[in-house]
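This report concerns only the one structure given below.
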Amino acid sequence: MFRQNRNTLLLVAVVMTLAGCVRREGRNSDCRWPGEPVAQSATPAHLSADAEFAEDLAIRFADTHHGLRTGKYISGEVYKSERDKCMGALFQQVAAQHRVAAEQVTGALGQNRTLLDIGVNLAFGLLFLVAAWFTSRMIWRKYPITEYGLIPGVAMGLFASTAMALGCMLLGEQWAWMVETYRIGNGHMSYRGSRLWWTQHRSGVFWMALFSFWICAGIAGRRIAARLK
C-alpha cells in the first residue's frame, strides 16, 4: 500500500512539475521578449506563466552581462538594478501584448503555484511517512513494550523523531529546490528560492514531521504489542 501510494504521488509530482515548466522556446540573455508563437488570452494562469518567463529572461540577462563571472561585474547593487530594469521592460512588453496593465503582469508573478506545490510536497511527505513507519516498527521490534516496557522505545523514538524531523525539514527543502531548478530550467535560482513553500514554512515542516512520526510510532507500537500478547 505504501509503495503504491508513494509511486502515485511521485508521478503526481513529476506531472505537476512538467505541467508547470517555465517556457523553453525563445530563451535569450539579451533582455528581449520573444513574443508567442500562438496568441493566447490573458488568463491569470497565462499571465503568471509569462511573468515567470520574463523574470527568468531578466535574470539570464543580468547573469550574462553583469554577473560575477562576466568580467563586467561592478557590484551587487548594479546587478540588481540592471536585472530589475530589464524585468520591468519585459513586463511592459507582456502587458502590451495582452493589452492589460503592467501592474497586472507584475501581480501575477509567482501566483500560479498551488497545484505544483501540492504535487511536490505530497510526494516528499509520503516518502517521509514511509520512512517514519518503518523506523517506528524497527524501534518497537527491538524494544517491545511487553518485554522492556515503554521507556526504552519512547527514548529511542524521541531521538529518532527529532533527527528525522530535522532531516525532513532540510532534505525537503533541497528536494523542492531541485525540482524548481528543473522546472524553470535555470540553475541560478536567485531570490526565487524564497517563493518555495518549504522555505516559507521551515518550522511548520519540522513540527508536522515530528507529530507525524509519533502518530506512526503509536500505531506501529500498538500493532506490534497486540501481536506479541
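All of the numbers you see were taken from the coordinates with simple rules; none came from a lab. Because the structure is predicted, anything quoted here is derived from the model rather than measured. Please note: Cβ atoms are built from the backbone with ideal geometry, for glycine as well, and neighbour counts cover all protein chains shown.
In this simple spin-label approximation, His46 and Met208 carry label points 7 Å from Cα along the Cα→Cβ vector, and these lie 3.3 nm apart.
The local environment of Asn112, defined by Cβ-Cβ distances under 11 Å, has a net charge of -2 under the rule Lys, Arg +1 and Asp, Glu -1.
To one decimal place, what orientation-averaged projected area in nm² is obtained for the convex hull of the Cα set of the stretch 31-108? Reported value for the Cα convex hull: 5.1 nm². Note on Gln97 and Gln111: the extension gain reaches 3.1 nm, defined as 0.36 nm multiplied by sequence separation minus the Cα-Cα distance.
Fully extending the segment from Arg32 to Met178, taken as 0.36 nm per residue of separation minus the present Cα-Cα distance, adds 49.8 nm.
Ordered by the number of other Cβ atoms lying within 10 Å of each residue's own Cβ, fewest first, Trp198, Trp214 fall into the sequence Trp214, Trp198. Taking θ as phi - 60° and the Karplus parameters 6.51, -1.76 and 1.60, the scalar couplings of the stretch 71-83 work out to x, 10, 5, 10, 6, x, 5, 5, 4, 5, 4, 5, 4 Hz in sequence order, x denoting glycine and proline. Using C-alpha pairs under 8 Å with a sequence gap of at least 6, the mean separation divided by the residue count of the chain gives a relative contact order of 25 percent. Taking the chain as a whole, the Cys residues whose C-beta sits 4.7 Å or farther from every other Cys C-beta are Cys21, Cys168, Cys216. Residue order for Val179, Val120, fewest other beta carbons within 10 angstrom first, comes to Val179, Val120.
Once you reduce the stretch 122-140 and the stretch 36-70 to the center of their Cα atoms, the two points are 39 Å from each other.
Among residues other than Ala160 with Cβ under 12 Å from its Cβ, the summed charge is +2 (Lys and Arg +1, Asp and Glu -1).
Take every pair of alpha-carbon atoms less than 8 Å apart whose residues are at least six positions apart; their mean separation over the length of the stretch 31-108 yields a relative contact order of 38 percent. Under 19 Å of direct C-alpha separation, and excluding same-chain neighbours fewer than eight residues apart, Lys80 reaches these aspartates and glutamates: Asp30, Glu52, Glu55, Asp56, Asp63. Semi-axis lengths, largest first, of the ellipsoid equivalent to the chain are 47, 19, 13 Å, with √(5λ) applied to each eigenvalue of the Cα gyration tensor. Each Lys and Arg contributes +1 and each Asp and Glu -1, all at the Cβ; summed about the Cα centre of the chain, the dipole is approximately 1100 debye.
Shape analysis of the stretch 114-228 based on the Cα gyration tensor places the equivalent ellipsoid semi-axes at 35, 12, 10 Å, largest first.
Compute log10 of I(q)/I(0) for the stretch 169-211 with the Debye formula, placing one identical point scatterer on every Cα and leaving out solvent, at q = 0.17, 0.28, 0.32 Å⁻¹, to two decimals. For the stretch 169-211 at q = 0.17, 0.28, 0.32 Å⁻¹, log10 I(q)/I(0) is -0.46, -0.96, -1.13. Basic side chains Lys and Arg get +1 at the Cβ, acidic Asp and Glu get -1 at the Cβ, and with that the dipole of the stretch 130-229 about its Cα centre reaches some 340 debye.
Of the residues Cys21, Cys31, Cys86, the one with the fewest other Cβ atoms within 10 Å heads the list, and the complete ranking is Cys21, Cys31, Cys86. With a simple spin-label model that places each label point 7 Å from the Cα along the Cα-to-Cβ direction, the separation between Val154 and Val130 comes to 3.2 nm.
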